[in-house]
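Undergrad: Have a look at this one.
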Amino acid sequence: MIFDALVWYCKPEANGIWAKETDSAFGAYTPCAIESADCISNVVLFVLCAYRLWLVRMDHEVRRFQLTSKCYNYILILLGSCCAAEPLLRLFMGISIFNLDAETDLAPFEMVSLSIETLAWMSIIVMNLVETKVYIKEFRWYVRFGVIYALVGELVILNFVFSMQSFYSRFTLYIYYSSVICQIVFGALLLVHLPHLNPFPGYIPLRSESVDDKTDETILGEDHICPERYACILSRISFGWITPLLRQGYNRPITEKDVWKLDSWDKTETLSARFQRCWTEESRRKKPWLLRALNCSLGGRFWYGGLFKVGSDLCQFVGPLLLNRLLESLERRDPAWIGHLYAFLIFVGVVRFNLHHIKSIYFIASPIIAPRWFTKLVCV
């Protein structure tokens with residue numbers, strides 16, 4: 001049933017041009033595979049743009065500015081409109097860059113990909129329109145790297161199209177090549193865009209912000225709580241929440257006043273009260289168990305950390321084994337997809353090992369979880 005759904009979604013031609021002319025291990029599924037990868041990059045780009053728009057709209061703690069000149073943004077909007085028009089035109093006119101076997105309709109995978117690509121570029125247009133009114137510095141580099149990620153996926157498709165260009169009409173190639181050129185120019189201009197900013201009229205900086213960007217003498221500590229708990233998932237993975245403290249340490253030596261206060265859930269008073277409550281309930285049982293009380297008071301955070309730690313150790317152990325299998329498959333001249341599978345599994349293992357949760361076990365959880373256990377054991 002799953003295979004039937006895959007066939008319906010990808011519409012492969014067993015003896016088609018893609019199966020005969022390409023050396024890809026995916027064979028007739030090559031268009032679906034590369035377009036699906038490009039679709040994922042566009043989904044990432046859309047999510048990043050949507051989150052940046054949410055910051056502008058809903059997060060009242062970020063600093064707001066106005067652009068000194070809006071001409072650069074208008075150029076980006078024009079290029080973004082061209083990039084959004086191409087997939088929309090192909091979607092409504094039924095122009096396919098993967099249909100080389102004279103089929104009449106677009107395959108489902110191409111319709112989905114074109115729709116998501118249009119949505120991603122429209123979100124970029126909206127983001128640039130909003131920036132002409134209100135500009136924020138937060139999350140802009142994430143969006144730019146998201147555009148680069150989408151461009152990488154588009155260049156992979158371009159490589160296949162260029163190698164098969166003899167099978168396309170001039171009109172199709174003209175539309176696609178012009179779109180790729182617009183995307184490359186847009187990405188290059190966005191990457192080097194460092195606008196001159198003026199304070200937003202009527203905007204009053206919060207206490208945690210500095211009016212002068214050059215001095216950056218903000219005191220991050222004192223009444224400010226460690227922001228890790230409320231940071232977004234990307235900030236947790238990349239440790240982006242600690243950037244203000246690192247920036248301040250770069251500008252001047254950090255003092256005790258600059259360090260954030262401990263969050264309430266890490267304070268001894270909170271931990272002690274929670275453990276006493278759990279231990280009181282546990283002591284009413286016939287056979288009280290200290291580990292059960294610790295689990296009740298600490299919650300799942302500690303156990304999740306342990307599971308991730310085990311996972312990271314397994315990834316370290318399995319990595320060399322997968323590499324050995326990969327080399328053996330090359331010696332036996334196995335099908336290419338087997339080597340791709342081993343390489344992908346090695347990549348997944350490396351990524352998993354370097355996730356924020358794994359890093360937190362080594363660099364954060366050790367100095368935090370251990371005192372938690374010690375605090376509770378002292379309470380006993």
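Undergrad: Taking only pairs six or more apart or across chains, which ones have beta-carbon atoms under 8 Å, a first residue in region 260-282 that is among the polar types (S, T, N, Q), and a second residue that is modelled with pLDDT under 75 and surrounded by 15 or more Cβ atoms within 10 Å (Cβ to Cβ)?
TA: Partner pairs satisfying both residue conditions: Thr268/Thr375; Ser272/Thr375; Ser272/Lys376; Ser272/Cys379; Gln276/Cys379.
Undergrad: Quick test of your reading of the structure: Ile116 fulfils all but one of (1) part of a helix (DSSP H, G or I); (2) buried (at least 20 other Cβ atoms within 10 Å of the Cβ); (3) in contact with a Phe, Trp or Tyr (Cβ under 9 Å, 6 or more places away or on another chain). Name the failing condition by number.
TA: Among (1) part of a helix (DSSP H, G or I); (2) buried (at least 20 other Cβ atoms within 10 Å of the Cβ); (3) in contact with a Phe, Trp or Tyr (Cβ under 9 Å, 6 or more places away or on another chain), the lone unmet condition for Ile116 is (2).
Undergrad: Also, I was wondering about something else. Out of Ser283, Ser272, report the one residue that is modelled with pLDDT of 75 or more, surrounded by 15 or more Cβ atoms within 10 Å (Cβ to Cβ) and more than 20 Å from Val62 (Cβ to Cβ).
TA: On the way: Ser283 fails: surrounded by 15 or more Cβ atoms within 10 Å (Cβ to Cβ).
Answer to the selection: Ser272.
Undergrad: Please give the number of the condition Tyr135 fails out of (1) in contact with a strand residue (DSSP E or B) (Cβ under 7 Å, 6 or more places away or on another chain); (2) surrounded by fewer than 19 Cβ atoms within 10 Å (Cβ to Cβ); (3) not basic (Lys, Arg).
TA: Among (1) in contact with a strand residue (DSSP E or B) (Cβ under 7 Å, 6 or more places away or on another chain); (2) surrounded by fewer than 19 Cβ atoms within 10 Å (Cβ to Cβ); (3) not basic (Lys, Arg), the lone unmet condition for Tyr135 is (2).
Undergrad: Also: Could you say whether any residue in region 16-33 is in a helix (DSSP H, G or I), under 30 Å from Leu129 (Cβ atoms) and among the small types (Gly, Ala, Ser)?
TA: No.
Undergrad: Right, Ile34: in the same structural domain as Ser113 (by TED's automatic domain parsing), surrounded by fewer than 17 Cβ atoms within 10 Å (Cβ to Cβ) and modelled with pLDDT of 80 or more or not?
TA: Criteria not met by Ile34.
Undergrad: Name the pairs whose Cβ atoms lie under 7 Å apart, with the first residue in region 247-259 and in contact (Cβ under 8 Å) with a residue 40 or more places away in the chain, the second of a type in the set (Gly, Ala, Ser) and surrounded by 10 or more Cβ atoms within 10 Å (Cβ to Cβ), and 6 or more positions between them or separate chains?
TA: Between residues of region 247-259 that are in contact (Cβ under 8 Å) with a residue 40 or more places away in the chain and residues that are of a type in the set (Gly, Ala, Ser) and surrounded by 10 or more Cβ atoms within 10 Å (Cβ to Cβ), there is no close pair.
Undergrad: For region 64-91, what are the residues that are over 28 Å from the mean Cα position of the chain (by Cα), over 16 Å from Ser179 (Cα atoms) and in a helix (DSSP H, G or I)?
TA: Within region 64-91, Cys71 is the sole residue that qualifies.
Undergrad: Could I ask something else about it? Report every pair of residues separated by at least 6 positions or lying on different chains whose Cβ atoms are under 8 Å apart, first residue within region 319-338 and farther than 18 Å from Val350 by Cα, second part of a helix (DSSP H, G or I) and hydrophobic (A, V, I, L, M, F, W, C).
TA: From residues that are farther than 18 Å from Val350 by Cα, the pairs are Ser329/Ile338.
Undergrad: Continuing with this model, one more query. Can you pull out every residue in region 228-259 that is modelled with pLDDT of 75 or more and within 30 Å of Val44 (Cβ to Cβ)?
TA: Of everything in region 228-259, those that are modelled with pLDDT of 75 or more and within 30 Å of Val44 (Cβ to Cβ) turn out to be Gly240, Trp241, Ile242, Thr243, Pro244, Leu245, Leu246, Arg247, Tyr250.
Undergrad: Here's something else I'd like to know. Is it true that some residue in region 186-201 is under 22 Å from Ser36 (Cα atoms) and without any contact (Cβ under 8 Å) to a residue 60 or more places away in the chain? So that I can check it myself, show each step before the final result.
TA: Quick first cut of region 186-201, residues under 22 Å from Ser36 (Cα atoms) only: 187.
Keeping just the survivors that are without any contact (Cβ under 8 Å) to a residue 60 or more places away in the chain gives 187.
Yes: one or more hits.
The values are calculated or read from the model by the stated rules, or taken from the named source; none is laboratory data. Quick caveat: nothing in here was measured; it's all calculated off a predicted structure. For neighbour counting, all protein chains shown are included, and Cβ atoms are generated from backbone atoms with ideal geometry for every residue, glycine included.
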